[in-house]
Amino acid sequence: MSAELTSLLDIITSVVAIVVGLLVIGFTVPSFKKRRDVVPLALFVFGITSYILSNAYWIAYSYMRPESRMPFAANEIGEIATYLLLATTLNLILADLKGNARIQILFTVLFSLGSIGLWILWTGEWIQDLLGGIPFGYLLCICARGLKLTDALTKKQWRMLTGLSMIAILLSYIGCLIPKFTVWLNPTANVMLVLALIGLFVKAMKGIKDNADPRRQLALAMSSYAFSFAVMFLGESYFYYIANFIGICSAILTGISINREVMEE
Amino acid sequence: MIYAENILLCISIPLVFSLFFVKGNTRRFIVSFLAGMVVCLLSAYIDGFISYAGGMGENDTQIFIAPVIEELMKLLPILFLLFIFALDDTEVVHVAIGIGAGFATFENCCYILSFGANSMSYVLIRGMAVGVMHLVSVIAVSVGLVIARRFNVLSVPGITGAVALSMTFHALYNLLVSEPGVTSYIGYVLPIGTAAVMLFAYNRFKSPDTSIDSDL
């Protein structure tokens, strides 16, 4: 992709993300009056606000300092805030669900550590990647726990999601370590991750459409949202923008599902 | 060179003396105001050190380093008072307002002494943009901490998320005002706009029946 097209797509997706974020906040805020327990909504609104601010910062920086790279990405702090606040929201909503998700969390931790390792190999910015990666891994673990405790995925779906993700990470590492294979390994890994993301997103949409248990809807929607970030950070070229687009749509699903979860019966 | 420590002493001595003549909430507010001024000075030291160690220019320090350090430093006394003195919800927010006001006031004093107070527009910007920005960020964090504590989500992720939000807001403001032009005007309006939205949201959605009651 040419640099101009990349730059244009980056700005368009950031602007769309901000508009969608504002819309999600717009249809979430009226729910404050309809429900006694507004804390999950408040945390969710703070999380989406962080996401909006992070994108706004990126757009402002690209406009004001187009040719310079940020020595320390302040917008990544906004992303960290988004991960932590959304994780806290989901944790709060699922607090009374009993059960364990040890296997799912174990694989999520492996996936997160594998992703962080790849970012460090690609960028060399190990402090930033660790600071951003750990909260992100925490969000993924909370989402995995949520999917397990709400029985959102069948065993076969868990195996598909885990298999595609872990194989994609493995292929990316092989591509890094053996450069002659990079040209076909990296796109293959990206395709696997995007397929996993599409599967999760379709499941989330189906949950909303079929009006499944609200907590299951929320776990699916937020997992799709969180996983879209993972695919973006590991993806390149067109795969990055596909994941970004699915992430923006997942933000809408997350807003719908959290409103359904906290509505009074 | 403006000898910031001397300015701090000069402003704080009357305030310290006034503590002997007041009590209760007034005393608490004055102490938090003093804490805010001290935190401002310490933040400037840390910003200067990191800027020197990292070889960054003044502009880059203001954009990338200052928001992180200043928001973290403002948070520390709030957390200290929250956990050690077990303040109630209203007291936490009032203390946070005192810290924010003290921070903004001392910072403005230093800037005016450095650059002069000839220009009314500069003075208004320092007061209404920068000053309000410091207050908005610290109030948002304190309300977030109060809500989190009340509903038992005052955990590391919750606190870190709240302070990261204020850091991003502060960083966005500093970036927008770093260069003259349209972006700086957007930046100047951002704190007042945010404060208005927060006030509107608070008045619109508070009610005796909701979990966030009107004590705040």
Inset, instruction - Would you mention how many residues in the range A:149-180 are closer than 26 Å to residue A:98 by Cβ and either open to solvent by less than 50 Å² (accessible area, probe 1.4 Å) or not in a helix (DSSP H, G or I) (or both)? - result: 9
Legend entry - Matching helices (runs of 4 or more DSSP H) fully within the range B:106-209 where at least 3 residues are within 12 Å of chain A (Cβ to nearest Cβ) and out of contact with any Asp or Glu (no Cβ under 9 Å at 6 or more places or on another chain): B:132-150, B:156-176, B:182-205
Legend entry - Scope the range B:72-91; condition within 14 Å of another protein chain (Cβ to nearest Cβ) and within 18 Å of residue B:103 (Cα to Cα); matching residues: B:72, B:75
Legend entry - Residue pairs meeting the criteria (Cβ under 8 Å; at least 6 apart or on separate chains; first open to solvent by 70 Å² or more (accessible area, probe 1.4 Å), in the range B:39-65; second in a helix (DSSP H, G or I)): B:42/B:73; B:58/B:51
Inset, instruction - Report yes if residue A:24 is open to solvent by 10 Å² or more (accessible area, probe 1.4 Å) and either farther than 20 Å from residue A:231 by Cβ or in a helix (DSSP H, G or I) (or both), otherwise no. - result: no
Legend entry - Flag for residue A:71 being modelled with pLDDT under 90 and in contact with an Asp or Glu (Cβ under 8 Å, 6 or more places away or on another chain): yes
Legend entry - Check on residue A:131, within 14 Å of chain B (Cβ to nearest Cβ) and open to solvent by 70 Å² or more (accessible area, probe 1.4 Å): yes
Legend entry - Test result for residue B:102, open to solvent by less than 60 Å² (accessible area, probe 1.4 Å) and either within 29 Å of residue B:144 (Cβ to Cβ) or in contact (Cβ under 8 Å) with a residue 12 or more places away in the chain (or both): yes
Legend entry - Residue in the range B:64-71 that is within 14 Å of another protein chain (Cβ to nearest Cβ), more than 21 Å from residue B:35 (Cα to Cα), more than 16 Å from the chain's Cα centre (by Cα) and assigned to a helix (DSSP H, G or I) present: yes
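Please pick out the residue among B:35, B:53 that is under 23 Å from residue B:191 (Cα atoms), out of contact with any Lys or Arg (no Cβ under 9 Å at 6 or more places or on another chain) and not basic (Lys, Arg).
B:35
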Inset, instruction - Return the residue satisfying two criteria in turn: it lies in the range B:114-167 and is small (Gly, Ala, Ser) and open to solvent by 40 Å² or more (accessible area, probe 1.4 Å), and of such residues it is farthest from the chain's Cα centre (by Cα). - result: B:119
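The values are calculated or read from the model by the stated rules, or taken from the named source; none is laboratory data. Only a predicted model underlies this, so the values are computations on that prediction, with no experimental measurement involved. Cβ sites come from the backbone with ideal geometry, for glycine too, and all protein chains shown count toward neighbours. The area values use the complete protein model at the heavy-atom level, side chains included, leaving out ligands, DNA and RNA. Shrake-Rupley method; radii C 1.70, N 1.55, O 1.52, S 1.80 Å.
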